[in-house]
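Let me begin by presenting the structure, written as structure tokens, before commenting on it.
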Amino acid sequence: MSTLAIVMIVKNEEESLARCLKQAAGLADKIYITDTGSTDRTREIAAAYGAVVTEYVWNQDFAAARNFALSQSDCDWNLVLDADEYLVKGGRRDLEEFMKRPNRIGAIERKDYYLEEHPGGRQETAYAHSYTSRLLPRGVGYTGRIHEQVDADLPIYPLPLLFEHDGYLRQGKAERNLRILLEEAKAFPEDSYVLYQTAETLRGLKRYEEACAYYRRFYEHVPKQGAGYRANGIINYLYALIEAKKWDLALEMVKREGERLGAYADFHFACGILYMQAILADTGKYVSYLPLIEQSYLKCLEIGEVPANQGVGGTGSFRAAYNLGTWYEVAGDAKKAREYYQRAAREQYQPAIERLCLLRKD
């Protein structure tokens, strides 16, 4: 029977490490944790869970640190985790069949939580689905100083493991990451993945003009086939163009990519926002797109939630239903507005619940 290790690099993770190890402990035969300079109780917590703890002098290179950590393991398989990832579905039994064949890589599913800001300063905790390659056969490592990727030409298969990830709710990591990414983008100016991650980080920091420039370069170099991040990159490029009020460029992108991305609820959701914002900005120029707002959100609901597409949670369900509710409310169709608000409220979407309460008062 194959042996399995959990392998991690950590720094100052006392707030999350115990939960991570407690929920994932049943997966592995051994735990190897490499600390890159903690000043809190991280190493003590790791040792309490039976981990083999080593130290590594941080050199601004995530792949190098991960590869050092992987070199400590003597198991057949290594499950690479971060301290802010918590197993919520799946177990060792779900991995046994997969591990009988060594020449492949397993991708875990993550539910990534983040803060979303709305007009008026309201914040909402939202989530997105993503898949990331983490179950590696012995001898396979990583490449890339940041947002490192598996350094192997092996087939990747999804695993029946779901982790919740709350790292994006923490402050400060984006600025740290951006410094390294800008250096990488300068060193590798045609690397579409580095350009994509740089654009994503800039967008997260609300530096939309700069983000658009990197998204444009990403779009120029990303392959049309085989790059799992392409669809998400283009959809987020649309959002950056919307934030930068570059309506014509965004509409051109929709036209160019509509056929390829037609199966993604996130794409149609972004289109609905684009059409609305463009019309509000210049009604005379963009009013012909008015009917497409309703069509976009209806298409979202037709597609539904498809976690494999790695999109934002709710774009195929409660978020689209809520936006349709607001559309119908503005259009004066209170009956339809209530119908779609109720649809979103059934999934406990708080903005929809609040709108229903206000409609009842009216």
- Note on the structure: The FRET efficiency for ALA187 and ARG346, from their Cβ-Cβ distance with R0 = 35 Å and rounded to 0.05, is 0.10
- Message: Taking the alpha-carbon distance from LYS22 and a cut-off under 23 Å, which lysines remain once sequence neighbours fewer than 8 residues away in the same chain are dropped?
- Response: LYS11, LYS30, LYS89, LYS111
- Task: Give a residue-ordered list of calculated ³J(HN,Hα) values for the stretch 29-39 (Karplus: 6.51 cos²θ - 1.76 cosθ + 1.60, θ = phi - 60°; whole Hz; x for Gly, Pro).
- Result: 8, 9, 10, 10, 10, 9, 9, 10, x, 5, 10
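If a/c stays under 1.5 just call it rounded; otherwise compare a/b with b/c (prolate if a/b is bigger, oblate if not). Do that for the stretch 257-354, with a ≥ b ≥ c from the square roots of the Cα gyration tensor eigenvalues.
Details: a/c = 2.16, a/b = 1.05, b/c = 2.06.
Because a/c hits 1.5 or more and a/b fails to exceed b/c, the stretch 257-354 counts as oblate.
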- Note on the structure: The longest stretch of the chain containing none of the GluC sites (Glu not before Pro) that sit in a DSSP loop with at most 11 other Cβ atoms within 10 Å is 260-362
- Task: Express in Å², to the nearest 10, the accessible area of TRP58 obtained by rolling a 1.4 Å probe over the protein heavy atoms while all chains stay in place.
- Result: 70 Å²
- May I ask you to give the solvent-accessible area per residue for the chain, in square angstrom, as obtained with a 1.4 angstrom probe? 49 Å²
- Item | Label-point separation, TYR157 to GLN171 (7 Å along Cα→Cβ), nm | 4.5 nm
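Give, in nm to one decimal, the length gained when the segment between GLU44 and GLU252 is fully stretched (0.36 nm per residue of separation minus the Cα-Cα distance). Please list the in-between numbers first.
Values: separation 208, 0.36 × 208 = 74.88 nm, distance 5.46 nm.
Extra length available between GLU44 and GLU252 comes to 69.4 nm.
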- Item | On Cα atoms only, tilt of 247-257 relative to the major axis of the chain in degrees | 70 degrees
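Accessible area, 1.4 Å probe, largest first: how do ARG138, ARG230 sort?
Working: ARG138 130, ARG230 20 Å².
Per-residue accessible area, sorted high to low, gives ARG138, ARG230.
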- Task: Quick one: angle between helix 318-330 and the longest Cα principal axis of the chain, in degrees between 0 and 90, rounded to 10, please.
- Result: 20 degrees
- Euclidean distance between Cα centres, the stretch 4-19 to the stretch 315-346, Å: 42 Å
- Item | Chain lengthening between LYS206 and GLN60 when straightened (0.36 nm per residue, less Cα-Cα) | 50.2 nm
- Query: Ordered by residue, what ³J(HN,Hα) values in Hz, to whole numbers, does the stretch 237-242 give under the Karplus form 6.51 cos²θ - 1.76 cosθ + 1.60, where θ = phi - 60° and Gly and Pro are x?
  - Reply: 4, 4, 4, 5, 5, 5
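What length, rounded to one decimal in nm, is gained on full extension from ASN103 through to LYS22, with 0.36 nm per residue of separation minus their alpha-carbon distance?
Values: separation 81, 0.36 × 81 = 29.16 nm, distance 2.90 nm.
Contour length minus the Cα-Cα distance gives 26.3 nm.
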- Item | Whichever aspartates and glutamates have a C-alpha closer than 20 Å to that of LYS224, once near sequence neighbours (fewer than 8 apart) are set aside | ASP153, GLU190, ASP191, GLU200, GLU252, GLU257, GLU259, ASP266
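The values are calculated or read from the model by the stated rules, or taken from the named source; none is laboratory data. Bear in mind that the values here come from a model prediction, so they are computed numbers and not experimental data. Cβ coordinates were reconstructed from backbone atoms using ideal geometry, including for glycine residues, and neighbour counts include every protein chain displayed. Note: accessible area is taken over every heavy atom of the protein model, side chains too, but ligands, DNA and RNA are not part of it. Shrake-Rupley method; radii C 1.70, N 1.55, O 1.52, S 1.80 Å.
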